Amino acid sequence: MTVRPRALSAPTAAPSLAGPAFVALVLAALLAWAPLPAAGQTATPATAAPSAAGLSAEEAIATITEESFYNRLYFIASDALMGRDTPSPGLEAAAKYIVSEYKRMGVQPAGEDGTYYQRWPYRQIRTDADAATLEIRGDAGTLAFDGGSMAVRGASDEALELGLVAVGAPGDIAGQELEGRALVFHHPGELSQQWFQQANQVANAAGAAGAGAVILVVDDAMAAEGLPQLRQNFQGAQWRMGWELPLPQLFVTRSDFAQAVEAAAGDGTLPAGELQASLAGELPAEILVDGRPPNVVGKIEGSDPELRDEYMVLSAHFDHIGVTSNPVDGDSINNGADDNGSGTVALMEVARAISEMDEAPRRSILFVHVSGEEKGLLGSEWFVEQPTVPLESMVASINADMIAGDQHTDTLVVIGKDYSSLGPLVDEINDGMPELNLTTSDDLWPEQRFFFRSDQFHFLRKEIPSLFFFTGVHECYHAVCDTVDFVDHDKGARITRLLAHSVLEIANADERPQWDPAGLEEVRELTGGGR
């Protein structure tokens, strides 16, 4: 879809005006860059000096405008980047654009080996589910399932002999002894995004606890349409961070599983440790993609010698879902302007404004642009497990994702407000800036489980006080209509100004943000156990 540049007056210190020629020029320059250093090589750090603009904090943040927001988004969400899938040339071009702008601003590299990049291992596979056979065995007998009576994802390169352990809730998984066991979990409800989210949560928690497989027992109503739909979905590519094969996950109906348990143990109750499961034969996988997509990490060093080794972290994912196989009115590119070009631009605009201030904040600011969010928060998971600065130095984080949709014009949803002192702080800053005309709201959609659905989840999992700036899904969510002309650039700029003021307040405070004790306990329950 072609979007139209607008004739906008350039604000102070704004980037160059956007247009088709601008996009073509920038893209050509980025793609002409020399190859990135190989793993283990050290690149020459950027030597660009910070801006000499010498603006006060208020003056610098005031340069974040509707125009400057639009101009950056015009490139990030352009057709030339082909939807920034993980991995893809468009994603690489977006990363290079972010890096080139950070060099220009004087933002320092904070990735690996003196560069702005942190590359993480990524694999796409396709499982041969027809090869799977699940047997439930006990003293009373054995009942087997084949690939046609269940849905299967994940893989194994060996036959598995596993005991069964059943749990009633995802929060019960942490602390279970699951080495050599298959986790059994009754996962009720109809097929939906929320249903998938919980299935992923259960599988991730089981894998972290050492389980050899997961048996997800679904409602009988899923037999007619749900399981066939799952089988169809799982025939496509599955993705995974790292090189290990993903945990085998077997979806069977409650009636079928009860019948198997009855055959094996003489009754139809869920097993409590006496039965055995056998995943007979290999569950082979065809490897489709082995790659190393980029995270981009930059920093502005703090001015206080005693606090500059502490970091206020800003995060946003810069990937999207690429090109659809089902065009709409001839358009197949998912431009991802709001999701999450808007958060990407917000971080860059905050970085630009702070780099133009006459004095840096006391603490350092870390700008973490992650990829792989659309594949299951993979880039942010890798970052917190392989951080480029010490985790204990991260005093707080704010994640920005989908902050400029055309709905809820004057509302910013701040998920996580009740967990720490960050929520009241942002409310206080916003209340003191009526010119922003923003309402900072609690989570308006708790049933959608957005807590788990963007990259702040992994910072919270490491017990770093965190907030999620968000304005909700809309009719163009994961659709080709999420273009630069769809989003509300004025709202995006206002939220970015609030973000910048919040960052400065946190970075300049004498004390770190503090957890609310009840909030931390809830976070531990939701994430399955903290650091």
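In region 392-415, which residues are surrounded by fewer than 22 Cβ atoms within 10 Å (Cβ to Cβ) and of a type in the set (Gly, Ala, Ser)?
Ser393 - this is the single residue of region 392-415 that is surrounded by fewer than 22 Cβ atoms within 10 Å (Cβ to Cβ) and of a type in the set (Gly, Ala, Ser).
Are any residues in region 108-131 farther than 30 Å from Ala360 by Cβ and within 31 Å of the chain's Cα centre (by Cα), and if so, which ones?
Passing the criteria: Pro121, Tyr122, Arg123, Gln124, Ile125, Arg126, Thr127, Asp128, Ala129.
Go through (1) more than 25 Å from Phe196 (Cα to Cα); (2) in contact (Cβ under 8 Å) with a residue 12 or more places away in the chain; (3) under 18 Å from the mean Cα position of the chain (by Cα); (4) surrounded by fewer than 24 Cβ atoms within 10 Å (Cβ to Cβ) one by one and return the number of the condition Gly376 breaks.
In the conditions (1) more than 25 Å from Phe196 (Cα to Cα); (2) in contact (Cβ under 8 Å) with a residue 12 or more places away in the chain; (3) under 18 Å from the mean Cα position of the chain (by Cα); (4) surrounded by fewer than 24 Cβ atoms within 10 Å (Cβ to Cβ), Gly376 misses (1) alone.
So Val214 clears everything in (1) surrounded by fewer than 16 Cβ atoms within 10 Å (Cβ to Cβ); (2) not in a loop (DSSP other than H, G, I, E, B) except one condition, right? Which one?
(1)
Being more than 22 Å from the chain's Cα centre (by Cα) and of a type outside the set (Ser, Thr, Tyr) is the filter; apply it to region 70-100 and report the residue that is farthest from Pro293 (Cα to Cα).
Asn71
Yes/no per residue for (1) touching a residue at least 40 places away in the same chain (Cβ under 8 Å); (2) under 19 Å from Phe367 (Cα atoms); (3) out of contact with any Leu (no Cβ under 9 Å at 6 or more places or on another chain):
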{"site": "Pro465", "(1), (2), (3)": "yes, yes, no"}
{"site": "Val480", "(1), (2), (3)": "yes, no, yes"}
{"site": "Ala493", "(1), (2), (3)": "yes, yes, yes"}
{"site": "Ile506", "(1), (2), (3)": "yes, yes, no"}
{"site": "Leu526", "(1), (2), (3)": "yes, no, no"}
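Could you grab me the full set of residues in region 492-531 that are small (Gly, Ala, Ser), assigned to a helix (DSSP H, G or I) and within 21 Å of Glu301 (Cα to Cα)?
Within region 492-531, Ala500, Ser502, Ala507 meet the criteria.
Among the residues of region 505-531, write down those that are closer than 30 Å to Arg352 by Cα and either surrounded by 24 or more Cβ atoms within 10 Å (Cβ to Cβ) or among the β-branched types (Val, Ile, Thr) (or both).
Within region 505-531, Ile506, Ala507 qualify.
Hey, Asn326 hits all of (1) modelled with pLDDT of 95 or more; (2) among the polar types (S, T, N, Q); (3) out of contact with any Ser or Thr (no Cβ under 7 Å at 6 or more places or on another chain) but one; which does it fall short on?
Asn326 satisfies every listed condition except (1).
Does Leu55 count as within 30 Å of Val202 (Cβ to Cβ) and outside the structural domain of Leu436 (by TED's automatic domain parsing)?
No; evaluated as a whole, the condition is false for this residue.
Quick check on region 154-177: of everything there that is among the hydrophobic types (A, V, I, L, M, F, W, C) and not in a loop (DSSP other than H, G, I, E, B), which residue is surrounded by the most Cβ atoms within 10 Å (Cβ to Cβ)?
Checked region 154-177; the qualifying residue surrounded by the most Cβ atoms within 10 Å (Cβ to Cβ) is Leu164.
Which strands (runs of 3 or more DSSP E) does region 79-150 wholly contain that include 1 or more residues that are at pLDDT 95 or above?
117-119
Just checking, which of Val261, Val218 is more than 20 Å from the chain's Cα centre (by Cα) and at pLDDT below 85?
Val261
Can you tell me which residue is surrounded by the fewest Cβ atoms within 10 Å (Cβ to Cβ) among those in region 178-200 that are farther than 16 Å from Gly154 by Cβ and modelled with pLDDT under 85?
Looking at residues that are farther than 16 Å from Gly154 by Cβ and modelled with pLDDT under 85, I get Ser192.
When the residues of region 290-323 are narrowed to those that are modelled with pLDDT of 95 or more and among the acidic types (Asp, Glu), which ends up nearest to the chain's Cα centre (by Cα)?
Filtering region 290-323 for residues that are modelled with pLDDT of 95 or more and among the acidic types (Asp, Glu), the one nearest to the chain's Cα centre (by Cα) comes out as Asp319.
For Ser380, are the conditions met, namely being of a type in the set (S, T, N, Q) and more than 24 Å from His489 (Cβ to Cβ)?
yes
Given the structure, is Asp482 modelled with pLDDT of 95 or more, assigned by TED's automatic domain parsing to the domain that holds Gly330, charged (D, E, K, R) and surrounded by fewer than 19 Cβ atoms within 10 Å (Cβ to Cβ)?
no
The values are calculated or read from the model by the stated rules, or taken from the named source; none is laboratory data. If you're wondering where the values come from, they're calculated on a predicted model, not measured in any experiment. A quick note on method: Cβ atoms are made from the backbone with ideal geometry, for glycine too, and the neighbour counts reach across all protein chains shown.
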